[in-house]
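Colleague: Dumping the structure here so I can ask a few things about it.
The values are calculated or read from the model by the stated rules, or taken from the named source; none is laboratory data. Nothing here was measured: the structure is a model prediction, and the numbers come from that model. These area figures cover heavy atoms from the full protein model, side chains too; ligands, DNA and RNA do not enter into them. Shrake-Rupley method; radii C 1.70, N 1.55, O 1.52, S 1.80 Å.
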Amino acid sequence: MAAREIFAGMPWWVKWVAVPVIALVVFGGLIASVVGFLFGLLFKVLVFVALVGGVIYLVRRFMSSSSSSHGDW
């Protein structure tokens with residue numbers, strides 16, 4: 001409740017411009033590192049899914065072609 005009382009007497013630009021700018025300056029590095037970490041993690045997950053899908057595709061392809069010529073062994 002104390003924060004609302006403090007901000008009640010302030011102009012609009014303090015609430016909507018100055019406070020967010022100060023927060024970005026203070027926490028900007030932290031925010032950037034968290035966003036970078038999340039994008040890096042998402043990229044690694046997508047690469048992992050693509051590689052696993054490629055391996056599954058190759059295994060199914062070679063298993064189906066080898067099952068048709070199973071008598072060659």
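Colleague: Which whole-number value in Å² is the accessible area per residue of the chain, probe 1.4 Å?
Modeller: Values: 6740 Å² over 73 residues.
Accessible surface, normalised per residue, equals 92 Å².
Colleague: Which value at 222 nm does the chain reach when only helices count, each DSSP H run of 4 or more adding -39,500 (n - 2.57), with the total divided by all residues and rounded to the nearest 500 deg cm²/dmol?
Modeller: The helix contribution divided over the chain gives -28000 deg cm²/dmol.
Colleague: Turning to a different aspect of this structure: Could you give the length gained on full extension between Tyr57 and Val19, defined as 0.36 nm per residue of separation minus the Cα-Cα distance, in nm? Kindly include the intermediate steps, with their values, before the conclusion.
Modeller: Details: separation 38, 0.36 × 38 = 13.68 nm, distance 5.28 nm.
Here the answer is 8.4 nm.
Colleague: Carbon and sulfur atoms: what percent of the 1.4 Å accessible area of the chain do they account for? All intermediate terms of the calculation are to be shown ahead of the outcome.
Modeller: Details: 5260 of 6740 Å².
C and S fraction of accessible area: 78 percent.
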